[in-house]
Amino acid sequence: MPAVTDPGGGSADDVTAELHERYWKRLCIFAARRLRDRSAAEDVAQETLRRVIEALRENKVEKLEALPAFVFQTARNICLHQGRSARRQEGALVRFRGGLDDVSNDDPLLALVDEARAAAVRQAMDRLDEDDRQLLRVLYIDDLRTSEIAGRLGVDAGTLRVRKHRALKRLAELVGNVSR
């Protein structure tokens, strides 16, 4: 497979067309396998190509021989992000419905257990110190990105992950390590 035209050597339209021709179908298949959604897969392919073209224009790709790996790693990251976003959205909808999903409405015992677990978590949240409570609220209720939260707190992403892990551990200890 010949190398992609250097962004400085050809027109931007030529590079865009070449990348689209070379990767579009493969990216759609790659993303569809991961997301199980054809339209989402096309969105991922489009976003991937946009990011790759932007990276090429900004000379962020040092070796053009590594371009295929860069393209598919970018697509993989976008797929992972979409999966996280879908889970967050689903969680928000469950919270909006009062913490009960559709299955629990059919099973009174499951609804009762879900209500008891939610009450236990609320009580444990009240017993956490304010910093932990605020961090968990921003992470799981406000649904802010990790980078945004880290910037607000003035810490790097690694430190934020450690703080999140420790806060969740303290919450689990307060709840009583209820197993799923």
Fill in: Failed item, numbered, when residue 155 is tested on (1) of a type outside the set (Gly, Ala, Ser); (2) under 26 Å from residue 90 (Cβ atoms); (3) part of a loop (DSSP other than H, G, I, E, B)
(2)
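Taking into account only those residues within the range 73-127 that are part of a loop (DSSP other than H, G, I, E, B) and more than 24 Å from residue 35 (Cβ to Cβ), which is modelled with the highest pLDDT? Full working, then the answer.
Our first condition is that a residue be part of a loop (DSSP other than H, G, I, E, B); within the range 73-127, this holds for 97-101, 107.
Still in the running and more than 24 Å from residue 35 (Cβ to Cβ): 97-100, 107.
Values: 97: 67, 98: 64, 99: 53, 100: 50, 107: 59.
So, considering only residues that are part of a loop (DSSP other than H, G, I, E, B) and more than 24 Å from residue 35 (Cβ to Cβ), the one modelled with the highest pLDDT is 97.
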Discussion item. Filter the range 126-151 down to the residues that are among the basic types (Lys, Arg) and under 24 Å from residue 87 (Cα atoms) and list them by number.
Written reply: 133, 137, 145
Worksheet item: Of the residues 75, 92, which single one is touching a residue at least 24 places away in the same chain (Cβ under 8 Å) and farther than 13 Å from residue 30 by Cα?
Response: 92
Item to complete: Would you check if residue 35 is more than 17 Å from the chain's Cα centre (by Cα), modelled with pLDDT under 95 and surrounded by 16 or more Cβ atoms within 10 Å (Cβ to Cβ)?
Response: no
Worksheet entry | Flag for residue 64 being aliphatic (A, V, I, L, M), modelled with pLDDT under 90 and either assigned by TED's automatic domain parsing to the domain that holds residue 17 or exposed (fewer than 11 other Cβ atoms within 10 Å of the Cβ) (or both) | yes
Fill in: Filtered residues of the range 138-152 (kept if in contact with a helix residue (DSSP H, G or I) (Cβ under 9 Å, 6 or more places away or on another chain), part of a helix (DSSP H, G or I) and surrounded by 12 or more Cβ atoms within 10 Å (Cβ to Cβ))
138, 139, 140, 146, 149, 150
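The values are calculated or read from the model by the stated rules, or taken from the named source; none is laboratory data. Keep in mind it's a predicted model, so treat the numbers as computed, not measured. Heads up, the Cβs are rebuilt from the backbone with ideal geometry, glycines too, and the neighbour counts pull from every protein chain shown.
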